[in-house]
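Here, each number is a calculation from the coordinates, and none is a lab measurement. Since this is a predicted model, take the numbers as computed values, not measurements. Using ideal geometry, Cβ is built from the backbone for each residue, glycine included, and neighbour counts are taken over all protein chains shown.
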Amino acid sequence: MNTATTANGHADPHGEGHYSGPLRWLTTTNHKDIGTMYLTFSLIMFFVGGAMILAVRAELFSPGLQLMQPEFFNQLIGVHALVMIFAALMPAATGFANWMLPLMIGAPDMALPRLNNWGFWLLPPAALLLTMPFFLALFGIGDGALATGWTFYAPLSVQGGMGVDFAILAVHILGISSIMGSINVIVTIFNMRAPGMTLMKMPLFAWGWLITAFLLLATLPVLAGAVTMLLTDRHFGTQFFDAAGGGDPILFQHLFWFFGHPEVYILLLPVWGLMPHVLATFSRKPTYGYKAQVYSFIVIGVLSLVVWAHHFFTAGLPVPALIYFMFSTMAISIPLAVLFFCWIATMWKGAMTFETPMLFAVGFIVLFGIAGLTGLILADVAADAQYHHSYFVVAHFHYALFAGGIMGVMTGVYYWLPKWTGHMYSEKLGKLHFWLTVVSFNLTFMPQFFLGLAGMPRRIPDYALQFAEFNAISTVGAMILGFSQLLFAWNIWSCIRGGEKAEPRVWEGAEGLEWELSSPPPHHSWEIQPVIK
Amino acid sequence: MRSIVLHSIAGGSSLASACLRRFQFLALAAGSLLPGAASAEYKFNFPEPVTPIARETLHIHNEFMLIITILFVVVFAIMIYSMIKHRKSVGHTPSTFTGPTSAMQWFWALVPFAILLFIDFVLMGIPAVQAIISMEDTKTRADMVLKVTGMQWKWQYEYPEAGVKFISTMSTPRAQIANAEAKGEHYLLEVDKPVVLPVGKKVRILLTSTDVIHTWWVPQFGVKRDAIPGFLRETWVLIEKPGIYRGQCAELCGKDHGFMPVVVHAVPEPEYLAWLEQQKAEAVASAGSADRAWSSEELIAEGKTVYDKVCVACHQAEGQGLPPVFPALAGSKIVSGPLLDMNGKIIPDSHVDRVFNGKPGTAMQAFRETLSDVELAAVITYERNSFGHKLGDMIQPAQIKALRQEAK
Amino acid sequence: MTDQPTDFTPADLARRRSAARRLAWLLGLAVVVIYVLGLFIKR
């Protein structure tokens, strides 16, 4: 049955990996090594971005300026977002893809291993570029990092300091890295599947990632183009975004959000692909509505490319445009509802147990549900005028990207960690981590909905007195949320170091090729090809 | 009374989860523990609406909150039921179905989506389209025009029909922001010169900006619109109730984005007209004063007022600036350079040129458009005789007026 | 799903990898085209 698990642990029958120590990691072309590097990088940057926002929340604990000046505040919020999106969430998803795709589709490795290595090693320099202006400013060089928010809106970004140039360069590099990762995912899925694994038999995780990869290829060049135009506006006398020269600041918003909206789904699709696996495993029941989910992924992918302008409903779009973007945005609720339906139907009449990954999956469904429902009302132009640019939006997209994105990633980490390390993590710590995260997350972001309704704009370093109580609560929540993530890191670390030995089929109800291999899997995943019937 | 009921209903519905009660309890508990908590009133919804649009928006918001709350409760009640009943620990044996099999099952699987489609495009969509059309109809039966210009970090208001315009800046002292003084009741939401509008009149508001994108927002009006440099955007308000309404800039516009409040005084029409007459008279007096010769002391005194209002946010109280972004005026070669050339014309990149035309690509804007002849002459003279500069020269409002005409 | 031991023949692997490489270049080209077209966008 399990003929493929003969090659043991880290034996190296092909004589690859001539190096040991740091050089091994620098030169590795092994998908598991690269996946590990992506995930490690992502975890580190998650704490970097988290530290930034904890400083922001500390400043917002009470009215008045306590800890920092507005300039520095503006830098923290923008870089926090870029770090979390580009350096924490996206690399985590790419790490999953690297580790799990070959295992799940029966391939020996990713199709283009050297491209894979390059894709990863572009990330650390980019992260350095993004954060370096903070440190340069300490030595009196420049005026700090990007202070425009992660959206780079022109003309504020044309006016901004050196930090903008660093961020433009960093975004270019991060974009190239993501494009290479996406190309690799696409060609791996199209060319390296085991015989018999047709596209419609492929695991949903692979499907989710396939759509993500196409979205990245379609939208990242547009972002790159937009920031290139910004760069030439800043330094080479062009006037793409300057009305005085026949340009238009709103053009930048169109270009940015043509990337920015699909980006939300880029972050979420891998997680949506992962969820049915986890839910089916812990419900001990096959996935409900496989085809419906695949088609929903595709429909969401396509729709995400045609709804971008709902991010600037207050910019004064013409009425027909407002109506079109409202209805197309609302249309996304249909395929998304299909996914929710399938998730719950997968649990229905199963035999559920609630290990940590299942807890995170259920937490994800409920909290991401709040994001989806508030998204529905945000789509409504008539009500959006009040929500727009307010803390209501901040709360909404953190329900989408923290509860949806990061908690989704945590689901995957707990689900696959025993497979990666060969050890079980501490279930007790995992559950504690889950409950701390969920409670403090709501404590942080639920008040922000009310702040937005009461009229608090986002991105302000100081606020009027009527917003004081909710901000204080939110800060308390954020501190608990931030520090409980140390439990997560500790749990992972101890799991790598040792623990109860994990079986090949880690979870009782787990189905799929990845569970046929030993835990941890052999250095070369599928030396002998599995055949799918 | 009514609004309180409304608040609590909408508060309940917008939370919509089991943690609602716990959360409200936490909110109250934490609030009561905070020293010097400013207001005991907890707001779970929009502030009281005072325009037709704001009322419509609140109505739509409350309706949607109710709808999504019901969706949330129904969907997750089903999930939680399943989580309780279909556990391994209660001995439930798993089924193996992977999709609807019978026609009946297909029917029940499709019903939720039909309901959702109905909610999206009929229940929410149709009223939304009507609301959009009325929100964007700025021109029909508009009684007057107000032009709003955003600039870093203040608002300029102009009444084109009356020829009145002025700048409105935050009046909260910096000491309050730095926690050196007790904070006032309207901390950060107070201005030196509020914009005055008549109640019961449809006011067409035109928006633009001189530098970066700003957003003009008064929550009680239900109106929020971006002010974009080089373009005109518009919206409208019809204020139904006299009062003082406060809001602030809602689009990140640089360092003092948080300190750019909007304050609107809505007054009955006769009061508004009287106010407007007074403003016109002041404008005439100011224009007339541009033609007379000013003494250096007068200019410096007036210049300090202008500086403290318009320039101080960047160049700071002692002219020390915030390098490297906002250059210092103290010790600046531009300030200490020559005033005008021998023909009385502007020298490129000189002090007058900077103040007049700004510096493209930076926060230094062209004040030619936004300050009066007297204000320009005063602030230039003030800067040349302050912050360690003792040039002793001055420029007359009449000279500014002449330079302005040449530029045209 | 069951495994049936059939070797990943070197020839098969090579064929798959070169197909993957061709597709990768094609996708990369598409990306560059989108980028370049983007620079010519006018309002």
Rounded to one decimal in nm, the spacing of the 7 Å Cα→Cβ label points at residue A:490 and residue B:121 is 5.3
Of the candidates B:167, B:127, B:106, the farthest towards the positive dipole end of segment B:65-191 (Lys/Arg Cβ +1, Asp/Glu Cβ -1, centred on the Cα centre) is B:106
Taking every residue of B:232-244, the Cβ atoms of other protein chains inside 10 Å of its Cβ average out to 1
Shape call for segment B:76-217, from the Cα gyration tensor axes a ≥ b ≥ c (a/c under 1.5 means rounded, otherwise prolate when a/b beats b/c, else oblate), comes out oblate
Output field shielding_mean for C:12-25 (other chain Cβ, 10 Å radius) holds 5
quick shape note, the protein assembly as shown: Cα extents on principal axes in Å, largest first -> 102, 64, 50
Rounded to the nearest Å, the spacing of the alpha-carbon centers of segment B:328-400 and segment A:343-395 is 56
Here the residues of segment B:327-365 lying in the modelled label zone of residue B:402, meaning backbone nitrogen under 13 Å from a point 7 Å along Cα-to-Cβ, are B:340-346
About its Cα centre, segment B:290-407 carries a charge dipole, from +1 on Lys and Arg Cβ atoms and -1 on Asp and Glu Cβ atoms, whose size in debye to the nearest 20 is 200
So, for the Cα atoms of segment A:218-281, Rg and Dmax in Å stand at 17.5, 60
For segment B:345-353, Karplus-derived ³J(HN,Hα) couplings (6.51, -1.76, 1.60; θ = phi - 60°; whole Hz; x for glycine and proline) come out as 9, 6, 8, x, 6, 8, 3, 5, 4
The lysines whose Cα lies under 21 Å from the Cα of residue B:390, excluding any fewer than 8 residues away in the same chain, are B:304, B:333
Cα-Cα longer than 32 Å, checked against B:139/B:165; B:139/B:359; B:193/B:401; B:183/B:255; B:43/B:154; B:165/B:345, kept in input order, equals B:139/B:359
Treating only Lys and Arg (+1) and Asp and Glu (-1) as charged, each at its beta carbon, one finds that the protein assembly as shown has a dipole about its Cα centre, in Debye to the nearest 20, of 2040
Under a Gaussian network model of chain B whose springs join Cα atoms within less than 10 Å, the largest fluctuation of B:228, B:395, B:119 belongs to B:119
Rounded to whole angstrom, the alpha-carbon centroid of segment A:240-319 lies from that of segment B:197-270 at a distance of 31
Given A:19-25, B:248-254, the highest-first ranking by average Cβ count within 10 Å works out to B:248-254, A:19-25
Cβ-Cβ cut-off under 14 Å around residue A:329, Lys and Arg +1, Asp and Glu -1: the net charge is -3
Per 10 angstrom bin, beginning at 0 and ending with the bin that holds the maximum distance, the Cα pairs of segment A:348-410 fall in percents of 23, 40, 24, 11, 3
Ranked output for segments B:124-135, A:37-48 by mean other Cβ atoms within 10 Å, highest leading, reads A:37-48, B:124-135
Applied in sequence order to segment B:162-173, the curve 6.51 cos²θ - 1.76 cosθ + 1.60 (Karplus, θ = phi - 60°) yields integer Hz couplings, x standing for Gly and Pro, of 9, x, 10, 8, 7, 9, 10, 10, 5, 10, 5, x
In order over segment A:151-164: 3J(HN,Hα) from phi, Karplus 6.51/-1.76/1.60, θ = phi - 60°, whole Hz, x for each Gly or Pro, gives 7, 6, 3, 7, x, 4, 6, 5, 6, x, x, 4, x, 5
Those helices of chain B passing the 18 Å axial Cα length cut-off and the mean Kyte-Doolittle cut-off of 0.5 (DSSP H runs only) are B:2-15, B:19-33, B:52-85, B:103-118
Per the helix-only model, chain B has a calculated mean residue ellipticity at 222 nm (DSSP H runs of ≥4, -39500 (n - 2.57) each, divided over all residues, rounded to the nearest 500) of -12500 deg cm²/dmol
As straight-line cross-link partners of residue B:241, the qualifying aspartates and glutamates (C-alpha separation under 20 Å, not fewer than 8 residues apart within one chain) are B:48, B:56, B:143, B:190, B:269, B:271
Net charge (Lys, Arg +1; Asp, Glu -1) of residues whose beta-carbon lies under 10 Å from that of residue A:377, residue A:377 excluded, is -3
Note: A:447-457 gets an average of partner chain Cβ contacts (10 Å, Cβ to Cβ) equal to 6
From the Cα centre of segment A:168-203 to that of segment B:89-167, the distance in Å is 35
So the pair-distance distribution of segment B:290-407, from every Cα-Cα distance in 10 Å bins, comes to percents of 14, 51, 31, 3
Quick shape summary for segment A:332-448, equivalent ellipsoid via Cα gyration tensor, semi-axes whole Å in descending order, reads 29, 18, 11
The answer for the per residue Cα convex hull volume of chain B, in Å³, is 223
Expected sort for A:265-277, A:54-66 on mean C-beta neighbours within 10 Å, highest first, is A:265-277, A:54-66
Taking chain A, the equivalent ellipsoid from its C-alpha gyration tensor has semi-axes in Å, biggest first, of 37, 26, 24
By Cβ neighbour count within 10 Å, fewest first, B:81, A:399 rank B:81, A:399
Computed about the Cα centre, the charge dipole of chain B from +1 Lys/Arg and -1 Asp/Glu charges at the Cβ has a magnitude in debye, to the nearest 20, of 1340
With Cα coordinates, the longest principal axis of chain A makes an angle with the long axis of helix A:204-235, in degrees rounded to 10, of 30
Charge tally for neighbours of residue B:148 with beta carbon under 13 Å away, counting Lys, Arg as +1 and Asp, Glu as -1, is +4
Of segment B:221-244, those with amide N under 12 Å from the point 7 Å along the Cα→Cβ vector of residue B:269 are none
From DSSP H assignment alone, runs of 4+ in chain A each adding -39500 (n - 2.57), the sum over residues rounded to the nearest 500 puts [θ] at 222 nm at -22000 deg cm²/dmol
Percent of all Cα-Cα pairs per 10 Å bin for segment A:33-125, counting from 0 up to the last occupied bin, reads 16, 37, 23, 14, 8, 2
If one compares the long axis through the Cα atoms of helix A:290-304 with the longest principal axis of the Cα atoms of chain A, the angle in degrees, nearest 10, works out at 30
Final fewest-first order of B:217, A:121 on the 10 Å Cβ neighbour count is A:121, B:217
Computed D for segment A:383-428, Stokes-Einstein, Kirkwood radius over alpha-carbon pairs, 10 °C, 1.306 mPa s, to the nearest µm² per second, is 124
Per the rule of 0.36 nm per residue minus the C-alpha distance, extending residue B:105 to residue B:241 adds in nm 43.4 nm
To the nearest 10 degrees, the tilt of helix A:70-82 (Cα long axis) against the first principal axis of the alpha carbons of chain A is 30
Distance in nm between residue A:67 and residue B:318 label points, each 7 Å along Cα→Cβ, equals 2.8
Taking Cα pairs closer than 8 Å and at least 6 residues apart, the relative contact order of segment B:144-286 in percent is 27
